[in-house]
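The values are calculated or read from the model by the stated rules, or taken from the named source; none is laboratory data. Because the structure is a prediction, the values reported are computed rather than measured. Ideal geometry is used to build each Cβ from the backbone, glycine not excepted, and the neighbour counts take in all protein chains shown. Calculation scope for accessible area: heavy atoms of the full protein, side chains included, ligands and nucleic acids excluded. Shrake-Rupley method; radii C 1.70, N 1.55, O 1.52, S 1.80 Å.
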Amino acid sequence: MINGRSHTLRALALTLVVAAGYYLGAQIGLALTFTPATTSVLWPPNAILTAALLMTPPRLWWVCLAAALPAHILLEIGAGFSAALSALLFVTNCSEALLAVIAVRALSDAPGRFDSFRRVAAFIGGAGLLAPIVSSFADAAVVMLLRHEAYWDVWRVRVFANVLTELSVAPAIILGWRAARRLLTHGPRARWLAEAIAFGGSVMALAILVFGRPSLRETVPGTLPTPIVLLFPVFGWAAMRFGVGGISAALLGSAFVASYEAASGQRPFATLTPVDSLIAVQMILAVVAMPLMCIAGLLDERRLATARLAAKLHFEELLSAISASFLRFPDDAVALRTALGEVSKFCGAEYVALLQLEGDAGDLAAESVWYGPGVVNLSAASFLRRFPYAMTRLRSGETVAWKGADMIPPDAVEDRRSFDEFHFRIMVILPFVAGHSVRGALALATTRERRVSASDLPQLRLIADVIANARTRRQAELDAQRSRQELAHLARRASLGELASALAHQLNQPLAGILAHAQASQLLIAAGAPAGPDVRDSLADIIQDCRRARDVIQRVRDMVAPSNPQLTILDLNEIVRDVATLLASDTLIRRVTLSLEFDGDASPVHGDRVLLQQAVLNVIVNAIDAVTERPLRDRVVLVRTGSFGHDHVQIRVRDHGTGLPPGSEAQVFDPFFSTKSTGLGMGLGIARSIVESHGGAIELFNNPTGVVVTINLPAVEVVA
Amino acid sequence: MTTASTIYLIDDDVSVRRGLTRLLKAAGYNVVTCDTPEAFLALPSLTTPACLLLDVRMPRMTGLELQSALHDEGRDPPIVMLSGHVDATTTERALSAGAVAVLSKPVELNALVHALERGLARDRSH
């Protein structure tokens, strides 16, 4: 049993802390007693006990109560109380603390917390009111019987002395303890600390001014005799900025000063007896504090809800950032690293690795790692080797979550050693399961202490799922795009193949006729026959066949460029934009940047929208083809429009390819000329026939650093 | 070259028919023309030696179909195929069905005469 010893140690520490707290509280309480009365005007021990019980599980309550007993006896016997009185008072004190804790636990959904209206109200009702009032009946009876004091006087003093301490001491201890721990683990926040010091100083200064000697008040001109209201703004400050703990601290401070001054003879309300005067002050403080504490609880509730919403938003932002990184970065490795970096930032993990496993043996297929500062370089491959036990569990589809080396089974020696060597504090490995096999995993590790709650794991799982999905989706998209492109290309090739076949047949018929006629005539002439009717007929047939061939070509041209174009006034920039939109998915998938630079003014031309789009499309597609095989930074096609005076407008398309083979510049506009293995050699030819049919010109400039194609079209003067 | 050799030219294109007829006559062959395969099948009988000059692509019945129709009738005259667009499949099918040669349009005189002579020689040897 690893936990047995730490339990004993904790119980021992608890005993010491409770004993010391009780002793100190009782010391203060006894100091603030109006002799010869038995009952103190401010009695912190009961509230200290309440705080201890609220912070410990019920099975340890006996430890707290037992720890308080020696301190109680020691002090009270020392103060001259009889053993019986001391023992009975201990019973009433303990009954108050127990009653308070039982009531709070019954009423509150989270006893020991003060961050919602319900929790604060449960505490005020159970510990602040019910427990002191009820236990004071017994206490007053004990004091009346053993010390013969007036029952109701004792009851009155005890109720208010305890209401005020329950309200001020218990939350101050519990919340102060938590704040101190947070301060130790997270370090102080300078601004918060400065405000807390200013707040504490203000409370004490005002309390001394309000409850202190009149001579002090007289030095501040214009002050009222009992300016108790001056404390209320400070209470408000506490409620707004420091929560229930702040109010409790302010209450504690001012009650202590008030009690101390009252015990030394000061009377805030001069017309009342010292005790009544103090009770009046305590009542005012308690009555003001209670609603303010509820408001502070409400504010905390709101703050918590806001923080929860912000965390949820933050998480959603993370998820969308992961998805976006896969959309934004065409390079898979960059996208993945970015995504893992986001995960690291979000989780505070210095090491995030994505493992992709394949095959039954779970071999590593791909990897990506994000390292934070101070993490030993640990590639995904060596991660696999260094944590063999974790990998075995991962391969069977289990999630590995180790918060410390203690959680690693002792026989997983290598895992333990690696965990210590890399100074890991927390390590989580989440498998991606597809069907029945583990396809990969997201591994996270931190080298710093970090609070991890059970709710973090589903969040991490969601992150892992999002990454896995994004990758799968991206792969599917790439595959789909690729096959779509292949299909489109095949379709184009098929239809052009048919066109070429039809064209060949249509042209070869007249050519066959022409050749036959010409060769027949040659034979006839060679045989010495006069240029008789046969040769004349042949020539007539040849002419006829030539016209026929010309008609075929005209028909093909009509097919490519309709003879009745729809002429309108067009904006050249808009044509380029339309084409860019058409090509968007193509450029995305081929990771080509299409950079558009538009002339500020609209560049109007007269022409057929579809035809000009076709011409521009062909030129740009050619440019994209030229850079597709280039390194990523050169996959740029620059399209610029401009107008030159009133004369003509221009589209200039520049690629960052490697240029054309020298000497081939003149041929690029010829049909069926192509420098590409899969090219058809039609694009630029069609572009030229369209541009020329619009009265324009297309030119190509060949450089080793890329090709520039310019399309010049006559400008149109638009009459507004 | 024998004056008795007859070339049966089957092509739907009037211009090709007229040009080739004139050429083949100038080259010394007898020429019988048909504008459809059906017209050829309707001929009573063929003179010998003879060779068919057959266009592949025709509207109702292709050259290949005529070839197999003749084969079905038990007739196996030598055939030289002419095609405007020669592709591997057509060539293979025609040759494996017994065609002498598959030539592409427009055809050079030398290549045409060479193929026809091979066909005629085969017909003579039968």
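Compute, for A:HIS314, the solvent-accessible surface of its heavy atoms (probe 1.4 Å) with the complete set of protein chains present, and express it in square angstrom to the nearest 10.
90
Determine the shielding of peptide B:19-30 by partner chains: average, over its residues, the number of Cβ atoms on other chains within 10 angstrom of each Cβ.
That average works out to 6.
For segment A:573-640, what is the Kirkwood estimate of the hydrodynamic radius, computed as the reciprocal of the mean inverse distance between distinct Cα atoms, to one decimal in Å?
Computed over segment A:573-640, the radius equals 12.5 Å.
Calculate for the protein assembly as shown the 222 nm mean residue ellipticity that helices alone would give, adding -39,500 (n - 2.57) per DSSP H run of length 4 or more and normalising by residue count, nearest 500 deg cm²/dmol.
Using -39500 (n - 2.57) per qualifying helix, the result is -20000 deg cm²/dmol.
Under a Cβ-only charge scheme (Lys and Arg +1, Asp and Glu -1), can you give me the dipole magnitude of the protein assembly as shown about the Cα centre, in debye to the nearest 20?
The dipole of the protein assembly as shown has a size of about 3000 debye.
Once the dipole of the protein assembly as shown is set up with Lys and Arg at +1 and Asp and Glu at -1 on Cβ about the Cα centre, which of A:PHE432, B:GLY74, A:CYS546 lies farthest towards its positive end?
Of the listed residues, the answer is A:PHE432.
Can you tell me the equivalent ellipsoid semi-axes for segment A:23-87? Use √(5λ) from the Cα gyration tensor, largest first, whole Å.
In descending order, the three semi-axes are 23, 14, 8 Å.
Search the structure for amide H atoms under 5 Å from the amide H of A:LEU570, placed 1.01 Å from N in the peptide plane, and list their residues when 5 or more places away or on another chain.
Residues meeting the amide H criterion: A:VAL605, A:HIS606, A:GLY607.
Which percent of the accessible area of the protein assembly as shown is formed by carbon and sulfur heavy atoms (probe 1.4 angstrom)?
Within the protein assembly as shown, the accessible surface is 60 percent carbon and sulfur.
Taking a cut-off of 13 Å between Cα atoms, list the aspartates and glutamates near A:LYS345, but don't count ones fewer than 8 places away on the same chain.
Of all the aspartates and glutamates, those that pass the test against A:LYS345 - Cα under 13 Å, at least 8 places apart if same chain - are A:GLU317.
On each of the three principal axes of the Cα atoms of the protein assembly as shown, give max minus min coordinate, whole Å, ordered largest first.
So the extents along the principal axes, rounded to whole Å, are 163, 75, 46.
Computed on protein heavy atoms with a 1.4 Å probe, what is the summed buried accessible area for the chain pair B and A, in Å² to the nearest 100?
Chains B and A together bury roughly 1800 Å² of accessible area.
What figure, in Å² to the nearest 10, do you get for the accessible area of A:SER95 with a 1.4 Å probe and non-protein molecules left out?
Accessible area, nearest 10 Å²: 50 Å².
Using a Gaussian network model of chain B whose springs link C-alpha atoms within less than 10 Å, name the residue from B:PRO59, B:PRO37, B:PRO78 with the highest mean-square fluctuation.
The residue with the greatest mean-square fluctuation here is B:PRO59.
Of A:ILE48, A:ILE589, A:GLY685, which is farthest towards the positive pole of the protein assembly as shown's charge dipole, taken about the Cα centre with +1 and -1 on the beta-carbons of Lys, Arg and Asp, Glu respectively?
Value: A:ILE48.
Which of the aspartates and glutamates could a cross-linker span from B:LYS25 if the Cα-Cα distance has to be under 13 Å and same-chain partners fewer than 8 positions apart are dropped?
A:ASP534
Round to the nearest 0.05 the FRET efficiency obtained for A:ASP599 and A:ASP551 when R0 = 45 Å and r is the Cβ-Cβ distance.
The formula returns an efficiency of 0.60 here.
Please list A:TRP43, A:TRP237, A:TRP62 from largest to smallest accessible area, probe radius 1.4 Å, with all protein chains kept in place.
A:TRP62, A:TRP237, A:TRP43
Considering only protein heavy atoms, what is the solvent-accessible area of A:ASP599 at a probe of 1.4 Å, reported in Å² to the nearest 10?
40
At 1.4 Å probe size, put A:ARG302, B:ARG118 in order of accessible surface, largest to smallest.
Greatest to least solvent exposure: A:ARG302, B:ARG118.
Taking each full run of DSSP H in chain B as one helix, which ones are at least 20 Å long along their axis (Cα atoms) and have mean Kyte-Doolittle hydropathy of at least -0.5?
Working: long enough: B:109-125 (24 Å, -0.21).
Long hydrophobic helices here: B:109-125.
Project the alpha carbons of segment B:1-114 onto their principal axes and report the range along each, largest first, in whole Å.
The principal-axis extents, from largest down, are 32, 30, 24 Å.
Using only the alpha carbon atoms of segment A:64-151, find the Kirkwood hydrodynamic radius as the inverse mean reciprocal pair distance, in angstroms to one decimal.
Values: mean 1/r = 0.0708 Å⁻¹.
Kirkwood radius, segment A:64-151: 14.1 Å.
Based only on Cα atoms, what Rg/Rh ratio does segment B:75-126 have, Rh being taken as Kirkwood's radius?
Using Cα coordinates only, the ratio equals 0.98.
Any chance you could list P(r) for segment A:137-281, counting all Cα-Cα pairs in 10 angstrom bins from zero, rounded to whole %?
Histogramming segment A:137-281 at 10 Å steps yields 11, 33, 30, 18, 7, 1 percent.
Take A:THR92, B:THR48 and sort them by solvent-accessible surface of the protein heavy atoms, 1.4 Å probe, largest at the top. Don't skip to the end; give the middle numbers.
On the way: A:THR92 10, B:THR48 100 Å².
Descending order: B:THR48, A:THR92.
With unit charges on the beta carbons (Lys and Arg positive, Asp and Glu negative) and the dipole taken about the Cα centre of the protein assembly as shown, which residue among A:ASN702, A:THR15, A:TRP152 sits farthest to the positive side?
Checking the options against the dipole of the protein assembly as shown, the answer is A:TRP152.
Can you list the aspartates and glutamates whose alpha carbon sits under 19 Å from that of B:LYS105, skipping same-chain ones fewer than 8 residues off?
Cross-link targets: A:GLU498, A:ASP541, A:ASP545, A:ASP551, B:ASP11, B:ASP12, B:ASP13, B:ASP35, B:ASP55, B:ASP87, B:GLU92, B:GLU117.
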